[in-house]
1. Quick one: dipole size for the stretch 94-238, taken about the Cα centre, charges +1 on Lys/Arg Cβ and -1 on Asp/Glu Cβ, in debye to the nearest 20.
2. Take SER209 and SER322, extend 7 Å from each Cα along the Cα→Cβ direction, and tell me the distance between the two endpoints in nm.
3. Percent of accessible area on the chain owned by carbon and sulfur, 1.4 Å probe?
4. Starting from the amide H of CYS175, placed 1.01 Å from N in the peptide plane, find each other amide H under 5 Å away whose residue is 5 or more places distant or on another chain.
5. Accessible area per residue, 1.4 Å probe, Å², for the chain: what's the number?
6. Under 10 Å, Cα contacts only: if you run a Gaussian network model on the chain, which one of ASP289, ASP257, ASP122 comes out with the highest mean-square fluctuation?
7. How much length is gained on full extension from MET135 to GLU240, taking 0.36 nm per residue of separation minus their Cα-Cα distance?
8. Treat each spin label as a single point 7 Å out from the Cα along the C-beta direction, and report the SER80 to GLU119 distance in nm.
Amino acid sequence: MAGAGGGGCPAGGNDFQWCFSQVKGAIDEDVAEADIISTVEFNYSGDLLATGDKGGRVVIFQREQEVPILKPMDLMVEASPRRIFANAHTYHINSISVNSDHETYLSADDLRINLWHLEITDRSFNIVDIKPANMEELTEVITAAEFHPHQCNVFVYSSSKGTIRLCDMRSSALCDRHSKFFEEPEDPSSRSFFSEIISSISDVKFSHSGRYMMTRDYLSVKVWDLNMESRPVETHQVHEYLRSKLCSLYENDCIFDKFECCWNGSDSAIMTGSYNNFFRMFDRDTRRDVTLEASRESSKPRASLKPRKVCTGGKRKKDEISVDSLDFNKKILHTAWHPADNVIAVAATNNLYIFQDKIN
């Protein structure tokens, strides 16, 4: 294992002054499908960072106390599965969430959510089932699910129709009736052929405090107060400049990309990805935002990340990039924020970038 992050400043003031720490991955232009990173996450203490790829491999990095360097090491640990939980899903699993009771977890696919006990591998309990008797009547699928960070009986799941359902397992064994239903009414004047596609929620995350939850759709990130179902309390535009490009994004299937989102340790800032290896940060207190780029061109040790801007028309300024020049094959789908420090991990195809708050 090698170092994964450097000492940052405590997550408090979000001045968005970030610098490069390190990058792990090959430089090859032709990336094998199996090498593409499919998930990245810190553990609860932030000392370990795990990545998984489409080839089924999991790599774990350990944080060292001094500004880390990446160096080859002999394999010290070879992982082997301790338990295999099988035969519970017909469709691809899109979410796994461990409960705050540390005894159970949920797994979700397009149509069902199952509850497992960590010590029981041969059976699970179905807690949500939206499969219709006639599959031709199917109108929506489950896109993501997560347990509440403190209330072990509460979980949420999102759908392809842009809705979020909060369920309480104390009310019934099968949570086919939700406790709360979150949906933002659509503006009829902005409706188009792509409206339902871009409203599909690709990720849902509770805040660390458990007071809020965040959802990501194709063009925006929304923050919801659990006590207000009618509309989000915050809406942050991620790449609104792509609205005029939806037709071409539909033709190349990019419109179906599933972007994730994450909170910083104090819930004061959020992060999510975009195209051209851009990723976005939003300060919830000041409403400031920034676009940064994960690139090997700025991968010198302690090199500061320069904010990037996208030009949507007219005369392009010196440091701006035209929306027509964006590379849609380079995309940031998976990001993670250290639970205590301003250290972030960004997965760009087969490369893992580590950035930290710049120390002045």
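The values are calculated or read from the model by the stated rules, or taken from the named source; none is laboratory data. Predicted model only: the values in this text are computed from it and were never measured. Note that we place each Cβ from the backbone using ideal geometry, even for glycine, and neighbour counts take in every protein chain shown. Ligands, DNA and RNA are excluded from the accessible area calculation, which covers all protein heavy atoms including side chains. Shrake-Rupley method; radii C 1.70, N 1.55, O 1.52, S 1.80 Å.
1. The calculation lands at about 260 debye.
2. Those two pseudo-labels are separated by 4.5 nm.
3. Exposed carbon and sulfur together represent 49 percent of the surface.
4. VAL128
5. Here the residues of the chain average 53 Å² of exposed surface.
6. ASP122
7. Between MET135 and GLU240, full extension yields an extra 34.4 nm.
8. 2.3 nm
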